[in-house]
Amino acid sequence: MSSRFPMSSSNVGKAKKNKALASFNDKVLKIVRRIPKGKLLTYGQVAAMAGSPRAARIVGGILFRLGPDSRLPWQRVVNAQGGISTFRVGSGERQTALLKAEGLRFNRAGRINLKLYQWVPSARLLKDFEVKDELAILLNFRPDW
DNA sequence: TCAGTGACTCCCC
DNA sequence: CGGGGAGCCACTG
């Protein structure tokens with residue numbers, strides 16, 4: 001059976017025989033990989049799903065180290081205001097273009113309407129990541145369960 | 001091992 | 001609505 005979280009990078013080498021605890025890093029990658037085209041998640045939401053509600057900055061750091069050519073849909077993670085946080089590291093234009101190509105629209109302030117494009121993970125996925133109902137509601141995740 | 005670091009957030013003004 | 005400032009905390013070297 002093993003873990004629900006397929007290994008990836010950093011945790012591979014130190015995975016224990018049965019426990020197979022996924023690191024925060026691996027959970028983040030696993031979550032980001034699941035965000036559908038045309039949908040978004042904020043750094044904070046990803047952090048919360050991965051088990052640390054206040055580790056939004058860490059999520060940014062993890063995605064940063066993936067590099068702009070990563071296969072993961074890193075562009076689908078934005079800040080809590082629906083804005084792009086990657087301009088400072090030189091990927092802002094790239095991220096903006098990728099998102100527009102997926103059909104997302106930006107307002108005058110350069111922000112995306114999260115109410116409209118935020119991804120709502122399925123109840124099944126939230127269960128896999130052990131996201132408590134209370135937290136799910138707090139994150140605006142409202143699967144029709 | 002441990003102090004820095006920062007693709008974040010929230011709060012205040 | 002925008003900018004400044006102070007927490008936050010997993011990861012890195």
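Here is how the numbers come out for the structure above:
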{"item": "Helices (runs of 4 or more DSSP H) (entirely within the stretch A:1-102) containing at least 2 residues that are charged (D, E, K, R), farther than 28 Å from A:LYS115 by Cβ and at pLDDT 95 or above", "result": "none"}
{"item": "Hits in the stretch A:49-62 (condition: within 13 Å of the chain's Cα centre (by Cα) and within 11 Å of DNA strand C (Cβ to nearest atom))", "result": "A:ALA50, A:GLY51, A:SER52, A:PRO53, A:ALA55, A:ALA56, A:ARG57, A:ILE58, A:VAL59, A:GLY60, A:GLY61, A:ILE62"}
{"item": "Which numbered condition A:THR86 misses (of (1) out of contact with any Pro (no Cβ under 9 Å at 6 or more places or on another chain); (2) more than 15 Å from DNA strand C (Cβ to nearest atom); (3) of a type in the set (Val, Ile, Thr))", "result": "(1)"}
{"item": "Pick from the stretch A:64-82, criterion within 11 Å of DNA strand C (Cβ to nearest atom) and either hydrophobic (A, V, I, L, M, F, W, C) or in contact with a His (Cβ under 9 Å, 6 or more places away or on another chain) (or both), ranking: farthest from A:ALA22 (Cα to Cα)", "result": "A:ALA80"}
{"item": "In the stretch A:53-71, the residues that are more than 6 Å from DNA strand B (Cβ to nearest atom) and buried (at least 18 other Cβ atoms within 10 Å of the Cβ)", "result": "A:ALA55, A:VAL59, A:ILE62"}
{"item": "Residue tally, condition within 16 Å of DNA strand C (Cβ to nearest atom) and of a type in the set (Gly, Ala, Ser), over the stretch A:93-111", "result": "2"}
{"item": "Qualifying residues in the stretch A:73-120 (those that are touching a Lys or Arg at 6+ places or on another chain (Cβ under 8 Å) and hydrophobic (A, V, I, L, M, F, W, C)) - the one farthest from A:ILE58 (Cα to Cα)", "result": "A:PHE106"}
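The values are calculated or read from the model by the stated rules, or taken from the named source; none is laboratory data. Source: prediction; values computed, not measured. Glycine gets a Cβ as well: all are built from the backbone with ideal geometry, and neighbour counts include every protein chain shown.
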